[in-house]
Structure formats: C-alpha cells, structure tokens
Amino acid sequence: MKYRSRRRRGAVLASVAGLAALALLGGTTPSQAAPSAGEPATATPIKHLVVIFGENVSFDHYFGTYPHAPNPQGEPGFHAKADTAGVNGLNAALLTHNPNSAQPQRLAPSEALTCDQDHGYTAEQQAFDHGLMDKFVQYTDSESCTAPNVSKPGLVMDYFDGNTVTGLWNYAQHYAMSDNSYGTVFGPSTPGALDLVSGQTHGGYAVTPAGTRTTDPYVVASPDSNGVGTVINDPDPAYDDCANTRNHAVMTGQNIGDLLNARGVSWGWFQGGFRPTVEATATSKAVCGSAHQNIGGVSVTDYSPHHEPFEYYQSTANPHHLAPSSLAAIGHNDRANHQYDLRDLRSALSTGNLPAVSFLKAAEYQDGHAGYSDPLDEQHFVVNTLNQLQSSKEWKSTAVVLAYDDSDGWYDHQQGPIVNDSQSADDALSGPGMCGGNASLGGYQERCGYGPRLPLLVLSPYARRNYVDHTITDQTSILRFVEDNWLAGRRIGDGSYDSLAGSLTGMLDLTGRHPTQALYLAPSTGEPLHR
C-alpha cells in the first residue's frame, strides 16, 4: 500500500497507512510511502529527514532542570505548559548533595561562553568511575580559558536552563524529545560524526598531508599489521584540501552515503564555511578561510574539517570543495559529490529541491562547542534554520532531528547501558584497560559504548506533542531510521552499531491524523513568535 498526499486520503486510510509504517520500523510488516519525483518509495510518510548535528553537549548540561526555569528579570522567559512531562534530570539531591566534589551550578545567559571541557575517550570513562558518575571534576573539568569565556571552579558540573537554551526548551515543549539517548561511543567529535554516518569508528588508517601512509597513534588506536585501527581522537580527513597540516585519517568501509547512492536517494551534508574562499587550482589546494565573530567578539574560522565525516571516505569526499554544478544537482551525483556549503541548503529550500536526507553542521561559531561557540549563537542557527524549514513546502513531509556529536565531558548523572565492550590500553570504565568484559562488535576494540547521554529532539508535523520518550537510542538510531525508511532495512554491516540501535519512532505519530503545528521562535531569545 502506498501513501498519497494528505489531501487525497481519508482518515481511515491515514490510520491504516500509519500503522503499517510503524510496523515496518519495528521490523514486521512492510509498507511504502509514495516517493517524491524520481525518489524511491519510503516506509513512512516522512520523505525528508534533516539532521542538525550540534557540538559537545550532555543532556544534563542543557536539560537537567527541564521544565523548571527561575525566569530572572532581564533574561528570556520560559513557562512550561501545565501538562509537561518531567525528565530524568537533576533532582534536588543531585543539585545539593551531588556525589561529585563540586555541586552543579546554574549558568546564566551572561555566562554562555565557557571553557571547553576534556572529552577524551579515556577521560570520559574515568569520569564515569565504574558507573558511579562521581569523578567529573577530577577527569574532565577544564578551567584554563580566559575572558570573554567563563572559568570557575567545578565548571564541568554546571548547566544551562530555559532562560538560556530557551529555544530548545520551547521546541521540547511543542514537539518530542528523548531523555534516554547516548553517544554511540565515548570520546570527541570525530568518532561521533563517523558513528552518525556509519556506526563504525574502526577501519581508519593514518596518512601524511602528502598522502603517504604512515603510523600515527593520534590518528588511530591499536593499529593492526596493516596500520588499520580505531579513531578515538580528532584527526582531520585525508580527502579535504582544508584539512590541517599534521594528522590525517582515511576511513575504509561503507557509510550511509554509499547506501543512499546505490538506492538512488538524494542526500547531502551541508556545513558552514565549506565553500572555499580560495578555489583549488591544478597546483594548489582550496582554502576555507571564512570566519565570523561569536557573541564574545572573538573571530572563529567557520569550517572545521574533522566535523565533516564524509570527507574521510574517498567514495563520498569532495576534496576541493567544488560547488554543485547547478541548483537542480543539489542532492544528486555531480562534482560536489553530496558535500555542500550551508548556503546550498538555503538555495535548495528556496527552489523546492530539499534532498531526501540532509545533514546540517553549523559554522563553528554557531555549533554550540564550548571554547569558541555557545548556546546563544547556536540558538540563532537552529531557530533560523527551523523557521525556514517550517515555512517550506516540504515541511508537511519532513522530520528534523536535533542531535549532538559528543558531551564535551560535561557532567551527566545517567550512565547508559554498555552494549559493546572493549579491552584496550585506552579503556578505563570498569578498570584499567577495561570497558565491560565481553565480546566486541566485529571484534574491534576502542569502540566501547554507549557513551555519555546527549540531547535528542524530533521536530515534525508527525512528532508527538510535548512528549518525552524514554526509549534507549544512540547516534546510530538516526542512521537506522534512514536505513529503514529509504533502504528497506539494509544495514552498514561489519560490526556497525546500527545493528543494535533503538528506534526513533517512539517520538513520532506516523498516522498523520493529528499533525503538530509549526512553531516559530525568535532567534535572539528563543521565545515564540506569534504569526
């Protein structure tokens, strides 16, 4: 049975079709939705998925006191709806008698710029302390920054609330969120980005900036006799002109782009600063030199190569940052190879050419990463993007996922389940050299997970309203939704975490009988606009 437009189907057909879609994503009954022109059919009425992939936030850091905000005078106001569900957050005991050596303190909007915390693969496991979650100050706290960034004792324990992350709290009020979603593994940005698109951080090897294969322990951990190991740090991608001049990594194996290409599904990664300021020539590389000032007046280079996962894979890389050959080519196979600047997304939206699957990464000053970005700059990007998406003709069949690449080491009180073990010199969760004690997916080490708890929201006409989902999910749950919706359940294979991932559908009502209305916010305050 195929879905038709909402105008053409009655309530009974909508109900039956929605239940069939739910059944497929649960792994039982197949059902397909009518595709956009030239696109394969989908398993649900969602024909467009947009993933906004932010930086370095734990769940408690943004949502620990949700939905309660003190609303001091002069700060953006947040007032929860009467029927708002609570979350597994920072209760009174954790706020005043926390087992860590410092107590969590509220950060005001005036303190939005903070030090970057230690978020290494090993350090985060040490902070978890066998699941006691009581050694964050010893292992991930960092207070070494200077003005305009805020530094204070025990900073790693501190949190924002609805008077600073006002936009995200309002989206959570209106759409659906999870309080039980995790980084796939421990560690920094690159592992999180790789897991988003492949569920796999093993299979990397080191090369010099000139492209010569080499051995670099920073690039991959525990390399085998062929130099292939696991990425647990932030090396830059080898297939990128704008990469650094030090440590480069190549990833082998498949990613979701390869699977979408094989199926003929349009897709793209859109990142701030991807368009070069100096184009490549036959004898020189492209230069990505654009920059913006954050709220503290500090100039930040827009493009971060190690945040762009598809540039690690030769099959999906756009090394010279070539622009698409035309607006109509965005999302399809051409010289850009599905890797774009964020400006290309705006062009695609304005011409009704939004790809089926889109991954969005803000310019660095707006990506939320402590140290050079902040929740207020991040809010401008997220809200402006959502306002534009919700105004587009594609919105009626779109789902937006707000997710994060890692926790930055910020305190969170909830350890997730350890579903994949590792025993290496870099592991420390359950003892020296140990993160669990059983077998590992694919036999690959340094992939212990799940890692820290992260925020996860789903915004869509099909999102449940003002809903908190408690299903265990991780970054590869997004990957799995793409696989189930567009690829008939095909998986990456080779030990990918997608084989374990929980479903996102708990945050959705795919019947379409009661569509959730759009919510427009003010980017400067995160407060609702009345339209």
| If LEU389 passes every condition in (1) within 15 Å of the chain's Cα centre (by Cα); (2) under 24 Å from GLY352 (Cβ atoms); (3) open to solvent by less than 10 Å² (accessible area, probe 1.4 Å) but one, which one does it miss? | (1)
| query | Somewhere in the range 349-359, is a residue under 30 Å from THR114 (Cβ atoms) and touching a residue at least 60 places away in the same chain (Cβ under 8 Å)? | reply | yes
| field | Selected residue (criterion: farthest from the chain's Cα centre (by Cα)) from residues of the range 174-189 that are open to solvent by less than 10 Å² (accessible area, probe 1.4 Å) and more than 29 Å from TYR121 (Cβ to Cβ) | value | TYR175
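Going by what's in this entry, would GLY331 be described as closer than 27 Å to ASP158 by Cα and touching a residue at least 60 places away in the same chain (Cβ under 8 Å)?
Numbers: closer than 27 Å to ASP158 by Cα: no; touching a residue at least 60 places away in the same chain (Cβ under 8 Å): yes.
It is false that GLY331 is closer than 27 Å to ASP158 by Cα and touching a residue at least 60 places away in the same chain (Cβ under 8 Å).
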| note | When HIS530 is run through (1) open to solvent by 30 Å² or more (accessible area, probe 1.4 Å); (2) at pLDDT 95 or above, the failure sits at (2)
| Within the range 192-202, can one find any residue that is open to solvent by 10 Å² or more (accessible area, probe 1.4 Å) and over 22 Å from ASP406 (Cβ atoms)? | no
| note | Counting only strands (runs of 3 or more DSSP E) wholly inside the range 263-328, the ones holding at least 3 residues that are at pLDDT below 95 and open to solvent by 30 Å² or more (accessible area, probe 1.4 Å) are none
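Which residues, taken from the range 392-411, are farther than 28 Å from ASP60 by Cβ and under 18 Å from the mean Cα position of the chain (by Cα)?
Passing the criteria: only THR398.
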| said: For the range 513-527, which positions are crowded, with 22+ Cβ neighbours inside 10 Å and either farther than 29 Å from ASP195 by Cβ or β-branched (Val, Ile, Thr) (or both)? | reply: LEU521
| said: Looking at TYR340, TYR411, TYR365, TYR372 in this structure, which one is of a type outside the set (A, V, I, L, M, F, W, C) and in a strand (DSSP E or B)? | reply: TYR340
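Test ARG346 against the criterion of being of a type in the set (Lys, Arg), more than 25 Å from VAL383 (Cα to Cα) and surrounded by fewer than 19 Cβ atoms within 10 Å (Cβ to Cβ), and give yes or no.
For ARG346, the condition - of a type in the set (Lys, Arg), more than 25 Å from VAL383 (Cα to Cα) and surrounded by fewer than 19 Cβ atoms within 10 Å (Cβ to Cβ) - is not met.
Looking at the range 404-414 only, could you name the residues that are touching a strand residue (DSSP E or B) at 6+ places or on another chain (Cβ under 9 Å) and closer than 26 Å to GLY229 by Cβ?
TYR404, ASP405, SER407
The values are calculated or read from the model by the stated rules, or taken from the named source; none is laboratory data. Everything numeric in this text was worked out from a predicted model, so none of it was measured. Note: ideal-geometry Cβ built from the backbone for every residue, glycine included; neighbour counts use all protein chains shown. Ligands, DNA and RNA are stripped out before the accessible areas are found, and what is left, the full protein with its side chains, is counted by its heavy atoms. Shrake-Rupley method; radii C 1.70, N 1.55, O 1.52, S 1.80 Å.
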